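Here the structure is laid out as structure tokens; the discussion comes afterwards.
The values are calculated or read from the model by the stated rules, or taken from the named source; none is laboratory data. All figures in this text were calculated on a predicted structure; none of them were measured in a lab. FYI the Cβ positions are ideal-geometry reconstructions off the backbone, even for glycines, and counts take in every protein chain you see. The protein model used for the area step is the full one, side chains on, heavy atoms only, and it has no ligands, DNA or RNA in it. Shrake-Rupley method; radii C 1.70, N 1.55, O 1.52, S 1.80 Å.
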Amino acid sequence: MSEVVDILFGSVRDGFVQVSAFVAVTVLLFSYIQYRTDGRLVEKLEENRRAGPLVGALMGLTPGCGGAIVMMPLYVRGSVSFGTVVATLVATAGDSAFVIIALAPEAGVYAYAIALVTGVLFGYAIDAFGLGVGRVDGAVRSLRTTATDGGVAT
């Protein structure tokens, strides 16, 4: 029994470290691009809000949850729409993306194509028709002043 527990914990630990490292790389890459462009990437998103759901869905396609981690603070700060966040989340395969890419890459391409199209459509629908976004926006506005990293200042 001890051997089974060791294998289980070893697998969980190794998976967590590998996924966390990839997510960190995604977030760091976005932050680095922001730094190198003096913040122009987010400025472009703010200026061209109609592109938001497409950009969000593309960010969602990154394996792991890095795209969502990048987009959520941008929404809280008002830089992107809630439709952009929904597009990111719909297109996200999360950590399961690693499995499908490794074991069935052709199926992964098909799944990613469907996720991209679905994410973009839902993102634009949310932005166009609202669909309860007022409540979400109201909840976000009720937060205390946001810090520059998108977190909440206490």
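In the chain, the longest principal axis of the Cα atoms and the axis of helix 82-91 are about 20 degrees apart. With 0.36 nm allotted per residue and the present C-alpha distance subtracted, the residue 35-residue 125 stretch has 29.2 nm of extension available. For the chain, the longest principal axis of the alpha carbon atoms and the long axis of helix 105-129 meet at an angle near 20°. On the chain, 68 percent of the accessible area sits on carbon and sulfur atoms, based on a 1.4 Å probe.
Here is how the number arises for the chain: DSSP H runs of 4 or more residues each give -39500 (n - 2.57), the sum is divided by the residue count, and the result at 222 nm is -24000 deg cm²/dmol.
The ellipsoid that matches the Cα gyration tensor of segment 68-127 has semi-axes, each √(5λ) in whole angstrom, of 25, 13, 5, with the longest given first. If only the Cβ of Lys and Arg carry +1 and only the Cβ of Asp and Glu carry -1, the dipole of the chain around its Cα centre is close to 560 debye. Simple rule: put +1 on each Lys or Arg Cβ and -1 on each Asp or Glu Cβ in the chain, find the dipole, and look at 116, 45, 104; the Cα lying farthest toward the positive end is 45. Computed with the Debye formula from one identical point scatterer per Cα of the chain, without solvent, the log10 of I(q)/I(0) at q = 0.09, 0.13, 0.19 Å⁻¹ comes to -0.35, -0.67, -1.18. So what is the relative contact order of the chain, in percent, for Cα pairs below 8 Å that sit 6 or more residues apart? Averaging sequence separation for qualifying contacts and normalising by length gives 21 percent for the chain.
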